[in-house]
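Trainee: One structure, pasted below without further comment.
The values are calculated or read from the model by the stated rules, or taken from the named source; none is laboratory data. Given the structure is predicted, the values throughout are model-derived calculations rather than measurements. Please note: Cβ atoms are built from the backbone with ideal geometry, for glycine as well, and neighbour counts cover all protein chains shown. Keep in mind that these areas ignore ligands, DNA and RNA; they rest on the heavy atoms of the full protein, side chains included. Shrake-Rupley method; radii C 1.70, N 1.55, O 1.52, S 1.80 Å.
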Amino acid sequence: LIDRLAKRSRPCNGISTAPVRDEYPGKIFRVSGRPLLWTVLFWLHSIIRTLGLEPLVVYHNFFNNNGVTSLHCWNDASLLAVGTKKAGIYYQHRPTLVASKVDTRCIFGDDNNTGNNWKRLDYETKFPTYSLASSNAEQKTLYCGGGNRFVSVWKDKNGPLQMPKFECVQELGPHTGWVKDLVLDAQNHILHSIGCNCIESWDCSSAPMQHLAKRSIENSPVLGSTLSSDLLCLCLVERPSGSNGSLLVSGGVDGRIHVWSSHLGQGNHQPLCAVAAHDGRVNTIVHSSSLNAILTVGNDGVLCVFRISTSLSSPSIELLANFNLKPGSAELRMTAAVVIDPPAKDGECRLALGSSDGAVSFFTVSIVPEEDVLLSKDSASLFLEGNPTIYAMAHERKQNTSQLWIGHATGLSSIDLAS
């Protein structure tokens, strides 16, 4: 009955997502804008989930309308970093993932009273934090990119067995614009950051960090890109040690995807190849090792799947498939994506997607013989209350638990996923 009610077309805040439901049917729950009967059934269903009979539980942390613009989880799931629209940068230390549900329900209403094991970095800035990255080499290091056009570098002074205490040791910049994304290439000890149409690269092995190179892209009438070539997102495609090095993939305002060499050897300062991928902004690029492919989402509501050749001598990028996730809706934008690891099996990738109307959807992408790509919508989907725009998503797994973090215009939400 809940499914039948959920599939009915009802606009919320002027946006109707019925066409997406028709295209990819499944369980979609809307917290607001429904009749009383649907609301009662929804909360009854939530109680059943809370009792452990179903694998999906949602917690909301509204930060007192302090929007979350960036998220980052450490590889060992011991730390979660949060960047906000109102310039605050927070982190939470958790030796075990979600030791108690109370710990995940922190309200960030007051910058000086975070509580619940959340700490705020002592950083004087009035600009949002748009990007986060980290390193576990020797001591924990946090990199924060913001609207002030700098990357702040933070070192943990307490060591691995104590509660982290971060201290700002350096600022990298200024960049030519907002630092919208950061990527750390641990193999080559290089941090990549973007500002406007430029990629800046920094040597992490030196102290202080040194600037290595500045690479830029220009307009391309051949690829249909005659307006802004500003960059919005980065993704690192790691390759085995001893190979020609990892690849860096960038996406921008004009819808193009560029592939670069992450290693800054001689002649590696130009894009290796490029392709027109989206009609408008490319908001997120993620890499799936199980598919050996990259996946992109953008303002056009399309999910694209690309295969990148591993040879630097003859690089190429091939579009395997694209899927329109918002048929008939011109207003809905796909704004965030994250791969949920590990995959169920080789040749499959489970993907969580966030949109401009607060929808969190789960898809499985499969590549079958002869390079056919299949997209199926998983049974569990939801809408965040108030339909806030989703800015960032992060997934972390530890022991037998799995959690999805969602940063959006009104704060932070988390979802406990089935192991």
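Trainee: With the radius of gyration and the Kirkwood radius both derived from the Cα set of the range 121-200, what is their ratio Rg to Rh?
Mentor: Result: Rg/Rh = 0.98.
Trainee: While we're on this one: Taking a 32 Å limit on the Cα-Cα distance, which of the listed pairs LYS214/LYS377; LYS157/LYS398; LYS377/LYS398; LYS119/LYS326 fall beyond it?
Mentor: LYS214/LYS377; LYS119/LYS326
Trainee: I would also like to ask the following. Quick one: grab the alpha carbon gyration tensor of the range 336-419, order the square roots of its eigenvalues as a ≥ b ≥ c, and give me rounded if a/c is under 1.5, else prolate or oblate depending on whether a/b is larger than b/c.
Mentor: Taking the square roots of the gyration eigenvalues as a ≥ b ≥ c, the range 336-419 is oblate.
Trainee: May I ask you to derive the FRET efficiency for SER205 and SER316 from their Cβ-Cβ distance with R0 = 25 Å, giving the value to the nearest 0.05?
Mentor: Approximately 0.20, to the nearest 0.05.
Trainee: Rolling a 1.4 angstrom probe over the protein chains, ignoring ligands and nucleic acids, what is the accessible area of LEU417 in square angstrom, nearest 10?
Mentor: Rounded to the nearest 10, that gives 20 Å².
Trainee: Then there is this: Which order do you get for ASP203, ASP346 if you rank them by accessible area with a 1.4 Å probe, largest at the top?
Mentor: The ordering from most to least exposed comes out as ASP346, ASP203.
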